[in-house]
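Shown next, in structure tokens, is the structure this report addresses.
The values are calculated or read from the model by the stated rules, or taken from the named source; none is laboratory data. None of the values given here were measured: they were computed from a predicted structure. All Cβ positions, even for glycine, are placed from backbone atoms using ideal geometry, and neighbour counts span all protein chains on display. SASA here: full protein model, heavy atoms, side chains in, ligands and nucleic acids out. Shrake-Rupley method; radii C 1.70, N 1.55, O 1.52, S 1.80 Å.
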Amino acid sequence: MVVGAFPMAKLLYLGIRQVSKPLANRIKEAARRSEFFKTYICLPPAQLYHWVEMRTKMRIMGFRGTAIKPLNEEAAAELGAELLGEATIFIVGGGCLVMEYWRHQAQQRHKEEEQRAAWGAMQDEVGRLALAVEVLQTQVQQATSPSALEELRAQVQEVRAHLHVRDRDARSTPKAVSASEK
């Protein structure tokens, strides 16, 4: 299942990126045209990004304490617009993931509630059936008391004895006839 889910996630990410690209491009154009947007929104993150990137590179190469020159305004505005566009794409993608997670959690809660309701209904049904069995057992015990069973057994024995006597009489009668015939 993970193997099948990975291409779908990649496809979803590419779809989100394609949908949010026009939005990011509009933000970049606004950053290039508006002086306020350029000065207060694009330049500070671009200069910070440049400073962190250069500082990291210098430390990796072994230079410590080297002063880092800020980017010129045009390069910083371009970098800031790119960063803002990428941040927009990332935020839209992250928002989609959060929404999907919430939707999945809501489905899970709904499924668990249905299972709890079904389990409760089954328990109620089992309780009703247990009560019905108890009622039937009491009715059977009241209807067939031990003395009634004994009476039935005695009657069955009487019928058997009576049948046995008839059977013996039936056997002896033909023998008597056959003996008198001789």
Segment 55-103, subset hydroxyl-bearing (Ser, Thr, Tyr) and assigned to a helix (DSSP H, G or I), residue modelled with the lowest pLDDT: Thr88
Identity of the residue in segment 7-25, surrounded by 10 or more Cβ atoms within 10 Å (Cβ to Cβ) and farther than 26 Å from Ala77 by Cβ, that ends up modelled with the highest pLDDT: Gly15
Matching residues in segment 38-54 - criterion: being open to solvent by 50 Å² or more (accessible area, probe 1.4 Å), among the hydrophobic types (A, V, I, L, M, F, W, C) and either in a loop (DSSP other than H, G, I, E, B) or under 20 Å from Thr88 (Cβ atoms) (or both): Ile41, Leu48
Cβ-Cβ under 6 Å pairs, at least 6 apart or on other chains, segment 37-65 side among the small types (Gly, Ala, Ser), far side assigned to a helix (DSSP H, G or I) and at pLDDT 85 or above: Ala46/Ala76; Ala46/Leu79; Ala46/Gly80
